[in-house]
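The values are calculated or read from the model by the stated rules, or taken from the named source; none is laboratory data. Just so we're clear, the structure is a prediction, and the values are computed from it rather than from any experiment. Cβ: placed from backbone, ideal geometry, glycine included. Neighbour counts: every protein chain shown. Protein only, heavy atoms only, side chains kept; ligands, DNA and RNA dropped before computing areas. Shrake-Rupley method; radii C 1.70, N 1.55, O 1.52, S 1.80 Å.
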Amino acid sequence: MHRIPFPGTDASLLLSPRWGELSTFWQWTLLGLIVAVPLLLVVILYRYELRLIKPAAAVLLLGLRLVVLVLILFLLGLQPIYARTHTEELPGRVLVAVDRSDSTGVTDPQRPPVEKLRLALALKVAGDVCPDSLLQDWIKQYDDTGDIRHWVAENELADDAPKRRQVEAERREKFAAVCARVDGLTRAEIARRVLAEDGAGLLAAIGAKHKVEVIGFTQEAWDVKPDAVADLFKPAQGDQGRAPDSSFTDLRLPLARALERSGAGEGKVLGVVLLSDGQHNWGMSPVKKAIEMGEHKLPIYAVPLGAHQAPPDVAVVSVKAPAAVFKDVDTQIEARLKVSGIKERKQLVVQLQRPGQDPLEETIDHDGSDRYHTVRFQLRLDKAGTQALTIVAKPLEGETTTDNNRRSVVINVADDKARVLLIDGEARWEQHYLANALARDRTIQPQSVVFLQPRLGQVSEDELRKAGNPWRSLPNEPDALSAYDCIILGDVAPEQLPLPERVRLEKYVGDRGGTLVVLAGKRSMPLGFGGADAGGAEGDPLLRLLPIEQPQVVRPTEGFPVTLTYEGKNTPFLQMEPEPDKNEQRWSEFPRHYWGVVGKVKPGGTPLAYVTDGAGGGKKEEADRAKERGLIVRHNYGFGRVLFVGIDSTWRWRYRTGDTYHHRFWGQAIRWAAADKPLVTGNEFVRFGTRDAVYRHGQDVDLVVRLAEEAGPLAPDAIAAARILRLKDGKDGEESVALVPLGRREAQARVLEGKLRDLPAGHYAVELVVPDLGDKLNGPAADGQPAKKLRATFSVTPPDGEEMVELATNYPLLEELAAKSGGQVFAAENTAGLVEALTKRAVTREDRAENRLWQWWVTLVLVLSLLTVEWVGRKLAGLP
């Protein structure tokens, strides 16, 4: 088919030659025959008529016949179609998404002057300060020379120097006033002016051709009527009528909404106009959503709110502190700060504020570059109870906002001492130094048991005990072990710790939630256990408690260092120095050890230190080696924990340093064991709860259930779950939010555990759902009321707001989202280009009307008219 357009119109002629499926040769051959035969007959008739009529009449008749012939051959051979096309632009849909998180309340006075002028011109900020023509002149001078060289034109007031100086001074004042107005604009106000008619009028420009849908978003998203754009900048209200959390930004929300609405039958979604400073600090990265939008031809047109440079700001990023400490014990608080946009060298003062006391201060020498700083405070908390500590960075001159200059942390200060039971077979070096170190610690109340002690028989055992001499046996009261926060089990022999005592230790850890520290020894611990008296290694409670299996002795002649794993470097009780680099150096400087026990770390165990074999390798090889040659290992057992220390010579850490590091290690380990206790509830059949009373938002919540022997066996396929109930204030009661399946812990058949996370902030209760246990999950009846299900409780704290930590506009992320989706980034002063980009994507609909000329009545009338003229001409010429 061939198309011949008619110039200046939307009409064209379409030609469809017959026999188009044949080769060109046969097409021309057939066409030649069709044309040649009638033409030959017409010529023969013409030659005949020349003898009968005048030549002029014969030529006229010949011309009429040729016209009719050509017309008929044209209609039949080329099948012409007269086509007219009508193009109509259909309105599309545009989703305008506006970021309303906390960071949009920030101003950006660090913009370059020319950028301020462009914003003032585009957003109509100058108002009555100066005309647009003056702004345009200043912008042109910046573009041409990089500065304003001429406040007054050369030919302006050339003959009046005083007036010229006055005008120059006035214009400098106007320039400063315009820049000050732009400096005072928050990012939210810039977004409002970009959209509103008193600014760039973006909404009206888009709405003139397309349907506009507007949403606001923070951590949540909500719809806003296009004619009520001012509502976007009022306190945000979510879909359920409550204010969404503006301390986080989820850039996936507007992208997900666009994908959801792209399939609706209300018109094609042409794209998403995203007004944001690019901060994304909630949920997964939005880049995958942008790629998905690109696959669906849904571009993102980003309008960055903010300058390329970071605003001057000091932010307290995080505060690290122990959740619980003992009273009058040295505690370290670590704060991390970020300084950005402050280019001069300054002294930054950071305070640790405590209620009712003078603040502690540290000074940072900031060198003028964008960087992070770490500040550490050492203090003793002398008041029991919950204490709130606040890290405050004193504001520096020029800071954009001081809302992020402080961050608080809550610490639980325990008033009691940690009760420790130190058990050993004999008074060896390790036991001697450890017992003396614990006795000198005012936060620890130690009690020693040494099974082998020389006796002359002159003083009774009771008198020796009153004098502070170590006991020769374990306390035999049924619940005596429960009084201790930590038990340190040294080198005891199996006959000194018979099977019933090992069972007591297992119950102390698994049921009571105590902490057991197993300290290796050359005589028996742990290689001497697992004998026939306990039914082998699998039946020995002590070996079940250990976080390692397949223990073996290492005794290289050159000795070995204690090599910390990544987890070990971040474990509080292994931090010998407050700074990470110095801590690693301190561990490397400790004397080597010449005997130790290592083992394969059990599933669920965490290796904190290992004995390297010097083979080297990458991080994965080292991690695998740590699991095979664990030297210091911990794991959870029931409600408690077990720490295995595979050396009997920690006393060597006293070399040239005295008691400092030996006592620091054991003091920190015992305080860790005593202060961080699980939260447990239960009865004689079952005990359950969470490992912590309070969890940070996003932290995994560990649920542990330990079944007593009295509960009876639980079938392997029995249903076991925990129902999580959110407790509400007032009359709202409670609501079920999750049902967590519980699985058996490996090697601990009577321990069930589960895990959940991402719970919103609030108070929660846990109820067990184990149909096979029935009434055994109930608490005691009270006051004539029926027994209710046992409950354990825990809390989740609100997340720390990350919105105000990083205030720089994230141009790279916005550019990546635009590129991945096939969109573009437009500056706030160039939204006219955005409207043009949307116009190019507009959907058009074409309506085409076609008339087949060989079937058109006009063509038939034309042919008949020509034939009639030819017939009349013949008659007038005297032909039959």
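Restricting the range 208-237 to residues that are small (Gly, Ala, Ser), surrounded by 19 or more Cβ atoms within 10 Å (Cβ to Cβ) and farther than 16 Å from Val94 by Cα leaves a set whose member that is farthest from the chain's Cα centre (by Cα) is Ala236. Every condition in (1) in contact with a strand residue (DSSP E or B) (Cβ under 7 Å, 6 or more places away or on another chain); (2) open to solvent by 30 Å² or more (accessible area, probe 1.4 Å) holds for Ile333 except the one numbered (2).
Being of a type outside the set (D, E, K, R), buried (at least 18 other Cβ atoms within 10 Å of the Cβ) and either over 14 Å from Asp772 (Cβ atoms) or modelled with pLDDT of 85 or more (or both) is a property that Ala722 has.
Looking across the range 488-505, the residues that are in a helix (DSSP H, G or I), touching a residue at least 40 places away in the same chain (Cβ under 8 Å) and over 13 Å from Val517 (Cα atoms) come down to Leu499, Arg502.
Close Cβ contacts (under 8 Å, 6 or more residues apart or on different chains) running from residues in the range 511-522 that are modelled with pLDDT under 90 to residues that are among the small types (Gly, Ala, Ser) and part of a loop (DSSP other than H, G, I, E, B) comprise Asp511/Gly638; Asp511/Ala708; Gly513/Gly638. The set of residues in the range 410-450 being acidic (Asp, Glu) and part of a strand (DSSP E or B) consists of Asp424 alone.
Pairs meeting the criteria (first residue in the range 362-389 and open to solvent by 50 Å² or more (accessible area, probe 1.4 Å), second residue among the aromatic types (Phe, Trp, Tyr), beta carbons under 9 Å, at least 6 apart or on different chains) are Glu362/Phe377. Across the range 268-313, the qualifying residues are those that are of a type in the set (S, T, N, Q) and touching a residue at least 40 places away in the same chain (Cβ under 8 Å), and the one among them that is least open to solvent (accessible area, probe 1.4 Å) is Ser276.
Scanning the range 625-665 for residues that are of a type in the set (Asp, Glu) and in a helix (DSSP H, G or I) gives a single hit, Glu628. Identify the residue in the range 595-615 that is of a type outside the set (Gly, Ala, Ser) and part of a loop (DSSP other than H, G, I, E, B) and, among all such residues, is modelled with the lowest pLDDT. Result: Asp613.
Here the condition is being touching a strand residue (DSSP E or B) at 6+ places or on another chain (Cβ under 6 Å) and open to solvent by 10 Å² or more (accessible area, probe 1.4 Å); of Leu545, Leu564, Leu519, it holds for Leu564 alone. Annotation note: of Phe685, Phe665, Phe644, the sole residue that is aromatic (Phe, Trp, Tyr) and more than 30 Å from Thr563 (Cα to Cα) is Phe685. Condition check for Arg345 on (1) touching a residue at least 24 places away in the same chain (Cβ under 8 Å); (2) surrounded by fewer than 20 Cβ atoms within 10 Å (Cβ to Cβ): one failure, at (1).
Checking Thr186, Thr107 one by one, the residue that is among the hydroxyl-bearing types (Ser, Thr, Tyr), in contact with a Leu (Cβ under 8 Å, 6 or more places away or on another chain) and either modelled with pLDDT under 90 or surrounded by 13 or more Cβ atoms within 10 Å (Cβ to Cβ) (or both) is Thr107 and no other.
Looking at this structure, is Glu399 more than 44 Å from the chain's Cα centre (by Cα) and assigned to a loop (DSSP other than H, G, I, E, B)? So Glu399 does not fit the description; no. In the range 53-67, the count of residues that are open to solvent by 70 Å² or more (accessible area, probe 1.4 Å) and modelled with pLDDT under 80 is zero. Restricted to the range 300-346, and to residues there that are farther than 19 Å from Leu807 by Cβ and acidic (Asp, Glu), the residue that is modelled with the highest pLDDT is Glu334. For residues in the range 745-782 being crowded, with 20+ Cβ neighbours inside 10 Å and of a type in the set (A, V, I, L, M), which is modelled with the lowest pLDDT? Out of the qualifying residues, it is Val751. For Leu862, the test of being surrounded by 15 or more Cβ atoms within 10 Å (Cβ to Cβ), part of a helix (DSSP H, G or I), at pLDDT below 85 and of a type in the set (A, V, I, L, M) is passed. The residues on offer are Arg100, Arg47, and the sole one that is within 30 Å of Ala208 (Cα to Cα) and not polar (S, T, N, Q) is Arg100.
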